[in-house]
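Down below is the structure, laid out as structure tokens.
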Amino acid sequence: MKRLIHLLGGIVSVAAIAASPAVAQKSQSIEFAGFGSYWRFDHLYFLKNSIGGGTRIAYAWSDRLSIEVAGDFTKTVDTASAVNVSVSSVSGNLVFNFPMGDKATLFATGGVSRLVFGTQAPYKFTDNMLNGGLGARVFLSKHLALRLDARAMYNRKNRDPLNPTPRGSWTGQVQGGAGLSYFFVPPQQGRGFNRQYQWYWGAQGGAFVSKTNVQTYVYDPIVGGHWLITARRTALYVAYEQALFLAKAQAVIFDPSSSSSSVGSGFRDVQFKDVRRIAFGVLAFPAQKVIEPFGGGGFALMQVLNPEISCPAGGCSTSEFAEASQRVHDASSRAFFWLMGGIQINYSSKLNVFAHYMMTSSAANFLLQSNTHTLQGGIRISMGSAKEDITERH
């Protein structure tokens, strides 16, 4: 604890150092940060103290309150057996800011941390911990600040039998960090943007998660574009996307003329590697802020492109091949419902960046089974107004 107190005292001292006049953190700003960290592990863990690093993103809900997510990673060794141990953490925190003029900000943080330790026993376990700390930002310019942090993480019980600490004991880690933060300050800070009745063109890419009746869930890339026509708090959404499988997907269809397949007679093996999706729907943007959640739903048409049927070693007769091709064709396209939720950052009135999750419903007798899931990020650019202004009255 003495080290932590000394470290916090140093943070407060640094916050008082003169810096160029700057505007302290304000509502609706976004903080992007990279930092180095020093870890002091609880003595019951038998791990050497170590140096690591991580990244952070924070959103200022108001001048005094921020919400942030941080990830950190370090490598250390067991003091007894010299076993290499990696430690990664993900934390979610509330940050309470106390401006000290226009040059510095002191803050207090509190939240939860999830620590994932190494892959070998006895350090193959996770800790879910409460955390709290203090820190300071020294603004070097309107957009750039030096940030110093000190925090402690505590866990009263860990029921994992591989945890090297005695069950029922208080355990805790202490972490110090130093790094630079870049602040995106919206031109219309705190008031959002006028995005009503705009025509947006966008592009997105990410991961498409799907399964077949013989293959478990796999992740493959998906890319595409979309059109978004906004009204007041809603928007019409139309998208065209294509999933590009890294390896051919395997499926089977019912075919009584087939004498053999990977699952037996009466079925035929099918392979494919491209899936096309056209989606139509409505999205809602209720917050109308610089960072805003959105959600919605609609219909989608999904089509497996160029499926390949399997024939036995002797080949297929013309009629058998034609019948199998028709069966595959009938199972290669379906209509679905979809739901979407995401976050959009309005960088300006013309440019938005976003990330979203999309889930489609399942359909019977389709080459893809069960629900599909999509995680994507992208950009939207306004191409002008979607509503003609009335300039003359007749």
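Read-outs: derived from the displayed coordinates by stated rules, not from any lab. All figures in this text were calculated on a predicted structure; none of them were measured in a lab. As a convention, Cβ positions derive from the backbone with ideal geometry for all residues, glycine included, and neighbour counts pool all protein chains shown.
Strictly over 30 Å apart at the Cα level, which of LYS75/LYS248; LYS26/LYS75; LYS26/LYS124; LYS26/LYS350; LYS75/LYS289 would you flag in this model? Kindly include the intermediate steps, with their values, before the conclusion.
On the way: LYS75/LYS248 38 Å; LYS26/LYS75 36 Å; LYS26/LYS124 42 Å; LYS26/LYS350 22 Å; LYS75/LYS289 40 Å.
Over 30 Å Cα-Cα: LYS75/LYS248; LYS26/LYS75; LYS26/LYS124; LYS75/LYS289.
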Largest-first ellipsoid semi-axes for segment 69-156, taking √(5λ) over the Cα gyration tensor eigenvalues, angstrom: 32, 14, 10
Taking ARG56, ARG232 and counting other C-beta atoms within 10 Å, the order from fewest to most: ARG232, ARG56
Whole-Hz couplings from phi, Karplus 6.51/-1.76/1.60, listed for segment 97-109; x for Gly and Pro: 9, 10, x, 10, x, 9, 10, 8, 9, 8, 8, 10, 10
Residues VAL116, VAL290, sorted so that the one with the fewest Cβ neighbours within 10 Å comes first: VAL116, VAL290
Principal axis dimensions, segment 198-385 - Cα atoms, whole angstrom, descending: 63, 25, 22
GNM result for the chain, Cα springs below 10 Å: residue of PRO122, PRO312, PRO99 fluctuating most strongly: PRO312
Calculated from backbone phi, Karplus (6.51, -1.76, 1.60) coupling profile of segment 286-303 in Hz, x at Gly/Pro: x, 7, 6, 10, 4, 10, 9, x, 8, x, x, x, x, 10, 9, 9, 10, 9
Which of ASP42, ASP330 has the fewest Cβ neighbours within 10 Å, and the rest in rising order: ASP330, ASP42
Loop sites in segment 68-126: trypsin sites (Lys or Arg not before Pro), DSSP, at most 14 other Cβ within 10 Å: LYS124
Cα gyration tensor category, rounded, prolate or oblate, for the chain with a/c compared to 1.5: oblate
Highest-MSF residue in the chain out of SER181, SER362, SER66 [GNM, Cα springs under 10 Å]: SER362
On Cα atoms only, tilt of 318-330 relative to the major axis of the chain in degrees: 40
